[in-house]
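Comments concern the structure below.
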Amino acid sequence: MIPVKISEEALKEVKNIMENKNIPEGYGLRVGVRGGGGCSAAGMNYMLGFDKAKDSDKTFEIEGIPIYIDKGHVMYIIGMEVRFHEGNDARGFIFVNPETEEELN
């Protein structure tokens, strides 16, 4: 089971970036968290980027895209959805808790 869902729009944008922005061969999409400290998810910032797999990662694949999540981050990522937002004011990836539809950084 893949702990994070990636919307169709987000998958299209990730594929576009991987094909057109000189992402090195062997790299995949890294999904994780940073900050927060302690036991609470409060203060967590979600992150997305391109990286090589590390020994500490769990590796998944969605539509041919390798997804890397550090084993220590999986519990914070479970159930989240990555979406791609394109509007007049902003354009980018957002993390959403589908249960509450709350957008998280």
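The values are calculated or read from the model by the stated rules, or taken from the named source; none is laboratory data. All values derive from a computational prediction rather than experimental measurement. Cβ coordinates were reconstructed from backbone atoms using ideal geometry, including for glycine residues, and neighbour counts include every protein chain displayed. Just the protein is used for accessible areas: all its heavy atoms, side chains included, with ligands, DNA and RNA removed. Shrake-Rupley method; radii C 1.70, N 1.55, O 1.52, S 1.80 Å.
If you take the residues of the range 96-105 that are open to solvent by less than 90 Å² (accessible area, probe 1.4 Å) and part of a strand (DSSP E or B), which of them is nearest to MET47 (Cα to Cα)? Of everything passing the filter in the range 96-105, LEU104 is nearest to MET47 (Cα to Cα). Taken over the range 1-13, the criterion of being part of a strand (DSSP E or B) and open to solvent by 100 Å² or more (accessible area, probe 1.4 Å) is satisfied by LYS5 alone. For the range 55-95, filtered to residues that are assigned to a strand (DSSP E or B), within 17 Å of LYS12 (Cβ to Cβ) and out of contact with any Gly (no Cβ under 9 Å at 6 or more places or on another chain), the residue that is most open to solvent (accessible area, probe 1.4 Å) is ARG91. The set of residues from the range 14-35 being of a type in the set (Lys, Arg), open to solvent by 50 Å² or more (accessible area, probe 1.4 Å) and under 16 Å from the mean Cα position of the chain (by Cα) comprises LYS15, ARG34. Among the residues making up the range 87-105, those that are farther than 21 Å from PRO3 by Cα and more than 17 Å from the chain's Cα centre (by Cα) are GLY87, ASN88, ASP89, ALA90.
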